[in-house]
Every structure is written in structure tokens, then in C-alpha cells.
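The values are calculated or read from the model by the stated rules, or taken from the named source; none is laboratory data. None of these values were measured; they are calculated from a predicted model. Every residue, glycine as well, gets a Cβ built from its backbone with ideal geometry; the counts of neighbours run over all protein chains shown.
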Amino acid sequence: MKSILCLLGMCSSVVYAGETLVPMSAQQGMNVTIYNENRALIKDERRVNLSAGMNELAFQGVSANMMPQTALLKGVGLSTREQNFNFDLLTKEALLRKSVGQKVTVEYIDPATGKVNREVAEVLAYNNAKPVLKIGDKIETDYPGRVVFDSIPENLRAEPTLTVSAVADKAGTETVELDYLTTGLSWKSDYVAKLNADETKMNLNGFVTLTNHSGADYKKALLQLVAGDVNIVREYVERPRMVMAAKAVMADGAVLNTMTPEALTDFYIYTVPHKTDLLSNQTKQVALLSATDIDVHKTYELDRPFGVYDTEMKKMKPDIYVSFENSEKNKLGQPLPKGTIRLYKEDAKGNMQFVGEDRINHTADKEKVRLRIGTSFNLTVDMKRIAFRKLSEKTQMGTYEVVFKNGSDKATDVQLTLNFPDNFKLMEESLKGDRITSNTIKWIVPVPEKGETKLTYKVQY
């Protein structure tokens with residue numbers, strides 16, 4: 001008899017009658033292509049001993065989140081007849097569940113004598129992690145000992161396994177390729193930017209963060225990452241994942257072997273320049289890009305969906321934006337996958353400080369990147385109506401005052417954008433603005449250090 005401890009990890013892999021085991025040790029190559037939508041394409045090459053005619057091949061160590069309907073086995077002179085994905089794993093719970101209605105051996109140590117007592121029991125039920133046993137004429141619901149099994153129930157596997165019935169033209173050892181889609185693998189871009197002292201330049205490092213919750217290890221794999229939103233049919237329902245908390249594996253400070261994007265129809269594919277391990281329940285980072293002395297432009301902007309109002313608004317805070325052009329002229333000029341850019345700047349003592357972050361979408365070459373990193377502490381804007389007159393039943397006129405205050409020791413421009421009613425007329429303005437749409441005006445307002453600026457305008461609407 002084999003004890004449950006043996007069955008759960010101390011015995012060799014289970015091989016069912018007629019099967020040819022294809023273990024991870026037979027692996028010759030691994031290619032993993034990860035998409036943005038929590039999905040990956042696995043290409044797994046292994047050496048297989050084939051017999052002429054029908055072969056039952058058991059591929060161990062495949063992803064626990066495999067989409068079995070996408071599996072494809074390729075090999076010279078090999079044709080597939082049937083395939084089964086076995087994810088009912090060898091656990092204490094599965095052994096008891098599979099043994100309902102069968103006889104097992106139970107044993108316990110007599111505390112008085114130290115003797116091991118053994119009895120034959122029938123497993124009546126297994127619910128809520130507790131077996132119900134029939135021992136002789138008694139029903140036991142909280143047996144104090146352990147259950148011992150004579151054999152492993154059929155279809156229980158030590159790890160997720162794909163079994164393939166395939167016909168080979170001839171006998172021999174061949175390299176075959178197993179391709180399939182899986183969920184549980186994802187990637188995202190993370191960028192770290194360092195602003196210079198006057199905030200006109202920045203250095204940018206990009207990293208790819210890879211996360212593996214697929215239930216399989218991918219060792220010495222060629223990793224490729226597809227940037228772009230590939231359409232996914234949503235009818236497939238994932239099984240519940242058997243995962244643990246991911247542990248972080250951080251890249252070191254040096255940025256080496258960055259990735260060059262390659263066009264793939266309307267998407268871009270990035271290839272990690274070295275083979276790497278991506279283990280189950282692991283997160284790791286790989287360098288994506290590195291660029292220095294990028295020109296940036298910092299602005300303070302206040303956007304309001306109204307240009308006429310009857311209430312006073314005080315101490316509104318302009319948003320802070322940092323913008324740059326993704327172009328070769330500006331030391332970049334390559335597709336930037338969507339992700340989060342985090343900005344840092346040195347303080348007066350030379351210590352790096354976090355100053356804000358924002359997400360970007362997929363950004364093509366020559367597009368502009370615009371990051372909202374927070375709201376201004378030193379700048380405030382007060383708005384109020386100072387005059388109002390009704391010209392007719394449908395027409396009125398208002399005069400408005402906007403006061404910009406600057407509490408810092410540096411003069412600053414504030415961009416104010418206001419939306420007005422349709423068919424409005426701007427009758428007067430103390431500073432010249434730009435009409436950017438039929439009912440939107442933008443003003444660039446200079447505000448002196450430790451001072452204020454007033455903008456007034458009169459509108460008929």
C-alpha cells in the first residue's frame with residue numbers, strides 16, 4: 001500500500017498504461033508571445049519517442065490555464081486523432097473525492113500503547129474537506145488518523161497534462177511542437193522619468209513588467225510581447241485559477257539590451273534580446289528602452305465647461321501637465337506601449353523625489369505625450385460675474401472677472417480654457433485669447449512671482 005504522503009509528492013510521476021510520457025526535461029525550445037489582453041501563445045518544442053502507428057503522448061507541465069480548443073501538435077509524419085486536457089490534479093482532496101464508494105485503509109496511533117492500528121473503511125462522502133467513513137458498523141465523521149490508498153484513481157495527474165492520440169508514419173525520436181493559447185500571462189509597460197532642475201529636459205527608462213499566473217514554468221524562453229489591442233471573442237469562460245500571491249523580481253538599476261519594436265500588421269512586437277525564465281507566480285521586469293535629454297514642456301492648465309455663470313468660484317487649482325514629442329529628433333521616435341509613466345526630480349539635497357504619474361495609451365512615432373502629474377500648490381484662480389444685463393427675452397450680457405494668484409517666487413503662465421453657449425459673442429477681453437472651436441476660447445495668462453493677474457471679458461449670449 002502507498003500512503004497519501006507518498007502519492008502527494010514522494011513518488012515518481014504517474015504513467016498510465018499505454019502512455020508515452022513527454023516530460024519538461026524533454027523540452028528543446030520554448031517561445032512565449034504575450035498579448036495585452038491577459039493571453040499568450042505558447043510554442044513548446046520537445047523530443048518524443050514515437051512508435052509507428054498510434055501513440056498516446058502525455059505532455060506534462062503545460063499551462064493550468066490552457067485553452068485546450070486552441071492546442072495544435074505539429075511534427076513531421078504526425079497526425080492528431082484526439083486530445084484531452086487533464087487538470088484534475090493529484091491532491092488529498094481529489095484522492096478522497098475520487099474514492100467515494102470505494103474501500104480504503106485508515107490508520108491511527110493508539111496514544112496509550114503507541115501501536116499503529118489499521119482498519120478497512122468505505123468512503124461514503126467527501127464534503128467540506130471532511131470525509132465520511134464507514135468503519136465496520138459505525139459511521140465516522142471526524143476520524144483521528146489518516147487515510148491510506150492502494151492506488152491512484154484514474155485521470156488524476158501530478159501536474160496539468162495534455163494527452164494527445166497521434167498517428168506516426170514511422171518509429172523514431174522526433175522533435176514535435178505543441179502550440180496553444182493560455183490565459184494567466186500578462187505584461188504591461190512601466191516608465192521611469194527623471195526631470196532636470198529647470199524641468200525642460202528628462203531622462204526616460206522603460207521597463208516591461210511580466211506576470212505569470214498561468215500555473216506553468218517557462219524556462220529559457222524566447223519572450224515576445226505584442227503591443228496593441230487584439231480583438232478577443234469573450235465567449236470563453238476561464239476556470240478558477242489556482243494561484244498564489246506573486247513575488248516581485250525587480251530588475252537591477254542598469255538599463256541593458258533594450259528591445260526594438262517590429263511592425264506586425266497593425267500592432268508592434270517586441271522581442272526580449274535574451275532567453276529568460278518566467279516562473280509560475282512570478283513577476284519580473286525587463287528593460288524596454290532608454291533615452292536621455294528629452295525636451296519636455298511643463299504647463300499649468302485650468303479647463304472649465306462654462307464661460308458664463310452666476311456663482312462665484314474661489315481657489316480653483318490649475319492642473320500640472322508635462323508634455324513631450326515622441327520623435328527621433330527628440331531622442332525617442334519608437335512606438336511606446338501603453339503603461340504608466342512615473343516622474344521623479346532631485347530636491348535641493350540631491351535626493352530623488354516622486355512628483356507624479358499618469359497613464360499613456362499606445363503612442364506611435366511622432367505623436368505627442370501629455371501627462372497630468374497633479375495640481376498646483378502655489379497657483380489659484382478665482383472666477384466671478386461682476387455685471388449682468390438682460391437685453392431681451394432670449395438674449396443677455398455678462399461681464400466676468402478671473403483673478404490668477406501666484407504664491408511662488410517664479411513667474412508662471414496659466415492656460416485657461418472656457419466653453420461658451422452656442423452663438424455667443426465675445427464683446428470685450430482684457431487679454432487676447434485664441435478661439436480653438438466655435439464655442440471654446442483659450443487664454444495664456446502670465447502671472448508674476450508673488451503677484452496676481454486679472455482677466456476680464458464681456459459676453460453676449
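The rows are residues; the columns are (1) within 30 Å of Pro421 (Cβ to Cβ); (2) at pLDDT below 90; (3) assigned to a loop (DSSP other than H, G, I, E, B).
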position	(1), (2), (3)
Asp229	no, yes, yes
Ile232	no, yes, yes
Leu256	no, yes, yes
Ala263	no, yes, no
His274	no, yes, yes
Ser280	no, no, yes
Asp293	no, no, no
Phe306	yes, no, yes
| Residues of region 415-461 satisfying the condition of being free of Cβ contacts under 8 Å to residues at least 24 places away in the same chain and in a strand (DSSP E or B) | Asp434, Arg435, Ile436, Thr437, Thr440
| field | Positions within region 428-461 being exposed (fewer than 12 other Cβ atoms within 10 Å of the Cβ) and not small (Gly, Ala, Ser), in sequence order | value | Glu428, Lys432, Asp434, Arg435, Ile436, Thr437
| request: Considering only region 129-167, state which residues are at pLDDT 90 or above and within 24 Å of Asn31 (Cβ to Cβ). | output: Ala166
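Please verify whether Lys219 is more than 30 Å from Arg359 (Cβ to Cβ), under 21 Å from the mean Cα position of the chain (by Cα) and either modelled with pLDDT of 90 or more or crowded, with 16+ Cβ neighbours inside 10 Å (or both), treating the condition exactly as stated.
Values: more than 30 Å from Arg359 (Cβ to Cβ): yes; under 21 Å from the mean Cα position of the chain (by Cα): yes; either modelled with pLDDT of 90 or more or crowded, with 16+ Cβ neighbours inside 10 Å (or both): yes.
Here the answer is yes, as Lys219 does meet what is asked.
Is it fair to say Glu401 is assigned by TED's automatic domain parsing to the domain that holds Gln285 and either closer than 17 Å to Glu301 by Cα or in a strand (DSSP E or B) (or both)? Write out each step before concluding.
Values: assigned by TED's automatic domain parsing to the domain that holds Gln285: no; either closer than 17 Å to Glu301 by Cα or in a strand (DSSP E or B) (or both): yes.
Against the criterion (assigned by TED's automatic domain parsing to the domain that holds Gln285 and either closer than 17 Å to Glu301 by Cα or in a strand (DSSP E or B) (or both)), Glu401 does not qualify.
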| Under the condition of being among the aromatic types (Phe, Trp, Tyr) and surrounded by fewer than 13 Cβ atoms within 10 Å (Cβ to Cβ), which residue from region 351-409 is farthest from Val226 (Cα to Cα)? | Phe388
| said: Of the residues Leu379, Leu343, only one is touching a strand residue (DSSP E or B) at 6+ places or on another chain (Cβ under 7 Å) and within 16 Å of Lys201 (Cα to Cα); which? | reply: Leu343
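Is it fair to say Thr276 is within 29 Å of the chain's Cα centre (by Cα) and surrounded by 15 or more Cβ atoms within 10 Å (Cβ to Cβ)?
Details: within 29 Å of the chain's Cα centre (by Cα): yes; surrounded by 15 or more Cβ atoms within 10 Å (Cβ to Cβ): yes.
Yes: the conditions hold for Thr276.
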| message | Condition (residue is assigned to a loop (DSSP other than H, G, I, E, B), free of Cβ contacts under 8 Å to residues at least 60 places away in the same chain and polar (S, T, N, Q)) applied to region 133-153: is it met by at least one residue? | response | yes
